[in-house]
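Note sheet for the following structure.
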Amino acid sequence: ETDGRILEASSLSVSYGQVSALRDVNLTVREGEIASIIGPNGAGKTTFADTVAGHLPYDGSITYDGREVADVKRSTLVERGMIYCTEKRDLFPFMDVEENLRLGAYRSRDSLEENLEFVYDVFPKLEERRDQEARTMSGGEQQMLALGRGLMGDPELLILDEPTIGLAPVIIDDISDAFEPILDRGVTVLLTEQNATFALNHADTIHLLENGRVVKSGAADEMKGDDYIRETYLGG
Ligand code: ATP
């Protein structure tokens, strides 16, 4: 019915009062891919992620798994496998690592132990720190924890809003090492990124957003060779 398209935005527009944040966005995410939305500060990346997750009113259409996002409750989106890791991470600061992970198992209690093992395999550091309070973890460790907690929900579509922001290169590598095992599980990833190099190296498909509009879309391999992208986002 959805023909391999897990997410589809058509003529999508979003504004905050008088401020227009997304204008006439058309964008498809296919099952099993990593699709990345890149663009500068204020381009509308977070707005897109928030809208997909059902947090903002919109004009036009956005369907997840064939159903209009505005027509279903946000909790239903989660039950249907849409898991959103926000830029703010939203951890429970006074709970330890493992408690945070267990709380991510909202839709997947039956496979909780198995998922916990998967997360600890992907991020051994989380297992080492399982008893440490989230608030005392470094920024990079907290990002791993947020991603790990998202994985505990057994996502179909995992939305990651700027997971690499403010992180050191070694930690960014730890995050990207997780993509292969995540894809092997059949998860689709929607990644927003200011770090164009990271997105081009790890995503299958790239959508460049500027001033709320998609100005270029294509396979990452093609986009790497695009003159405009190279000059503007990869430093020539
Ligand atoms: P960044 O990388 O800096 O997070 P972004 O690409 O995620 O940027 P958004 O946060 O989606 O961009 O912002 C898009 C536009 O919408 C910006 O002009 C921003 O100022 C505006 N905006 C975002 N949130 C609000 C809000 N709650 N109220 C009013 N304007 C907002």
Legend entry - Within region 109-180: Cβ-based charge dipole about Cα centre, in debye rounded to nearest 20 (Lys, Arg +1; Asp, Glu -1): 360
Inset, instruction - Specify the residue with the greatest mean-square fluctuation among TYR64, TYR84, TYR106, computed from a Gaussian network of the chain linking alpha-carbon atoms under 10 Å apart. - result: TYR106
Inset, instruction - Return the Rg/Rh value of region 152-236, two decimal places, where both radii are evaluated on C-alpha atoms and Rh is the Kirkwood radius. - result: 0.97
Inset, instruction - For region 114-175, go through all pairs of different Cα atoms, get the mean of 1/r, take its inverse, and jot down that Kirkwood value in Å. - result: 12.1
Legend entry - Net charge dipole size for region 119-236 [Lys, Arg +1 and Asp, Glu -1 on Cβ; Debye, nearest 20]: 280
Legend entry - Cα-based shape type of region 81-143, given that a ≥ b ≥ c are square roots of the gyration tensor eigenvalues and the cut on a/c is 1.5: oblate
Inset, instruction - Pop a pseudo-label 7 angstrom from the Cα along the beta-carbon direction at both ARG135 and ASP177 and give the gap in nm to one decimal. - result: 3.0
Inset, instruction - Could you work out the Kirkwood radius for region 1-90, taking every pair of different alpha carbons, averaging 1/r and inverting it, reported in Å? - result: 13.6
Inset, instruction - Over the chain, give the accessible area per residue in Å² for a 1.4 Å probe, as an integer. - result: 46
Inset, instruction - Set Lys and Arg Cβ to +1 and Asp and Glu Cβ to -1, take the dipole of the chain about its Cα centre, and tell me which of ILE175, LEU234, ALA49 lies farthest positive. - result: ALA49
Legend entry - Protection proxy ranking, peptides 75-83, 202-210, 141-149, average beta carbon neighbours within 10 Å, highest first: 141-149, 202-210, 75-83
Inset, instruction - Could you tell me the convex hull volume per residue, in Å³, taken over the Cα atoms of region 89-236? - result: 118
Legend entry - Rounded percent of accessible protein surface that carbon and sulfur make up, the chain, 1.4 Å probe: 43
Inset, instruction - With r as the distance between the Cβ atoms of GLU222 and PHE94 and R0 = 45 Å, compute the FRET efficiency 1/(1 + (r/R0)^6) and round to 0.05. - result: 0.45
Inset, instruction - About the Cα centre of region 38-87, how large is the charge dipole given +1 on each Lys and Arg Cβ and -1 on each Asp and Glu Cβ? Please answer in debye to the nearest 20. - result: 80
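The values are calculated or read from the model by the stated rules, or taken from the named source; none is laboratory data. Keep in mind that this is a model prediction, so the values were computed, not measured. Don't worry about glycine lacking a Cβ; one is built from the backbone with ideal geometry, like all the others, and counts go over all protein chains shown. Heavy atoms of the whole protein, side chains included, go into the accessibility calculation; ligands, DNA and RNA do not. Shrake-Rupley method; radii C 1.70, N 1.55, O 1.52, S 1.80 Å.
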